[in-house]
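Report on one structure; see the data block that follows.
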Amino acid sequence: MFGIRLLLIILLGHSLIPGLTIGRTAMTRQGRLEGVPGRDGAITVYRGVAYAAPPVGELRWRAPQPPAAWEGVRQAAKFSPSCIQTIVNERKPWTHEFMSHDTISEDCLYLNIWTPVRQAGAQAGAKLPVFVYIHGGGFSEGSGSVAVYDGEGLAKQGLVMVTLNYRLGVFGFLAHPGLTRESGREASGNYGLLDCLAALKWIRENIAAFGGDPGRVTLAGQSAGSMAVHALVASPLAKGLFHGAIAESGGTTVGTAVKRRDEAEQEGLRYAQWRGADSLAALRALTPSQLTAPLPTQPSGVPMRFAPIVDGYLLPASIDELVARGAQSDLPYIAGGNADEGGATPNPTTTLESFRNAAQQRFSEAEAAEFLRLYPAANDREAGLANNEASRDQLRMSINNWSRVRHGSAKSKIYTYYWNHALPGPDVAKYGAFHTSEVPYALNTLDNSDRPFTAEDRRIAATMSAYWANFAKTGNPNGKGLPVWPAVDEKPESTMQIGDRTEPIPTASSAVRHLFWRSFFERRQSGSGGR
């Protein structure tokens, strides 16, 4: 029987057997794909794989639709265009390897897959864990093809790695009363998150063809990607599509996705008015360059920004409310942040006057006095150091507070981290462990950068990426030869420092400071804290 089946595979080119992967070919529900070798020949890469129909014409500002099928073999050698955004070579501290450099197009809903080569005769049940990464970029830029997100580093550790594009800016997050009416769901906005949801559904249906296990999917992201992870964990629409979450630098504080749909719709009406569009048809008739032309400042003085909202559909309430209700997916989580992203900097320019003024503006009179007592400063230099200490304490405590809130309504393990390794390069003394600097270490993509990495950098990357790979495999980052990383419930007042030293550290620099920030976040949650 096996011989007959094998003969049929050879005669038919195995194009009629969905889910079968031999060598560098994969049969998806839409058609057969031919991948290409990675830099390491043991890895196959499938670039530019459509997971949804092009969101153009009448599909602009609609939920993503299924991709079309095709006949024959489609080559998957090139990345697709990035979604509409402004392309720049670098924006310090983010240098070339952190930026998208593709052409741009509305036709951008594609994903990329890196997988170990599977040999003929491989066990049908021998599926690998899947690691899906959502890029950052403030919901206005970025791409799954950015060099620091390259999937080969994790694929070599026994994962099937996936990156994806999702609609950005006005294309991804415009809310408008007309769009709400036509949706059939009384919702608009959040198209970029619906894209991520569609990609996860495509992965569930097709990833077995690439050697992946649809029952072991970890969803990860950084910055805006991290906020998307939190939103999808909270969304009832995403339940069962993934089984673990990693949130790097984004969205663990109270108030994530606070804008309501009605507020966003009013902004959408003002946007359409500024564009001279009196109907949805007129809006859809505008070109991408017309839609992305500079906007006037809003009446509030705050520039208009398109980002996730509480739309009543994908997010029926705020993320915080859904978590408090216990309505979110209950799954293992990693969350953390970086030493020099929350107001701290290696070379602070904070003055004593500005430090004191900021405390008076931020806290009540009694809280400000306590804050300045806990973080004393008598001159500008001391004010800069005190500001750094306070910012880093607040960062770690905000993540600790989030973990406590989540633990109140979920049973799964949570692991938190604090990244403190400065990315080497000419600006290292200026930017330190800046926002996004952990990504090439977590994904083990140092080779995609021309920074002067050392053996120590490679050791740190091996450690951090092993934590991420272990978590994708088991829901626990720990493994042989790695420093032990305790879950939050095991050491509630500690977090895992990763970088120059990798070890558990306190969540605040002293016990009294811990109590101050704990009280601060509890008051914020109750609506009575801060100014």
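The values are calculated or read from the model by the stated rules, or taken from the named source; none is laboratory data. Fair warning: this is a prediction, and the values are worked out from it, not measured in the lab. All Cβ positions, even for glycine, are placed from backbone atoms using ideal geometry, and neighbour counts span all protein chains on display.
Worth a mention:
- Selection within region 445-482 - among the hydroxyl-bearing types (Ser, Thr, Tyr) and assigned to a loop (DSSP other than H, G, I, E, B): Thr445, Ser449, Thr454
- For region 389-444, the candidate set comprises residues that are outside any helix (DSSP H, G or I) and β-branched (Val, Ile, Thr); within that set, the residue that is farthest from Ser509 (Cα to Cα) is Thr436.
- Residue pairs meeting the criteria (Cβ under 8 Å; at least 6 apart or on separate chains; first farther than 12 Å from Leu352 by Cα, in region 371-382; second surrounded by fewer than 17 Cβ atoms within 10 Å (Cβ to Cβ)): Leu374/Ser510; Leu374/Val512
- Residues of region 149-172 that turn out to be under 23 Å from Val217 (Cβ atoms) and either surrounded by fewer than 24 Cβ atoms within 10 Å (Cβ to Cβ) or not aliphatic (A, V, I, L, M) (or both), as a count: 13
- In region 79-104, the residues that are closer than 17 Å to Asn448 by Cα and either not β-branched (Val, Ile, Thr) or not assigned by TED's automatic domain parsing to the domain that holds Tyr166 (or both): Phe79, Asn89, Glu90, Pro93, Trp94, His96, Glu97, Phe98, Met99, Ser100, His101, Asp102
- Test: Thr180 is farther than 20 Å from Ala307 by Cβ, among the hydroxyl-bearing types (Ser, Thr, Tyr), at pLDDT 95 or above and out of contact with any Lys or Arg (no Cβ under 6 Å at 6 or more places or on another chain): no
- Selection status of Val130, at pLDDT 95 or above, of a type in the set (Val, Ile, Thr), touching a Lys or Arg at 6+ places or on another chain (Cβ under 7 Å) and not assigned by TED's automatic domain parsing to the domain that holds Asn476: yes
- All positions within region 483-514 that are surrounded by 19 or more Cβ atoms within 10 Å (Cβ to Cβ) and assigned to a loop (DSSP other than H, G, I, E, B): Trp485, Ala487, Val488, Gly499, Thr502, Thr507, Ala508
- Summed over region 179-204, residues that are more than 16 Å from Arg260 (Cα to Cα) and surrounded by 20 or more Cβ atoms within 10 Å (Cβ to Cβ) total 10.
- Some residue of region 368-378 being surrounded by 21 or more Cβ atoms within 10 Å (Cβ to Cβ) and in the same structural domain as Gly432 (by TED's automatic domain parsing): yes
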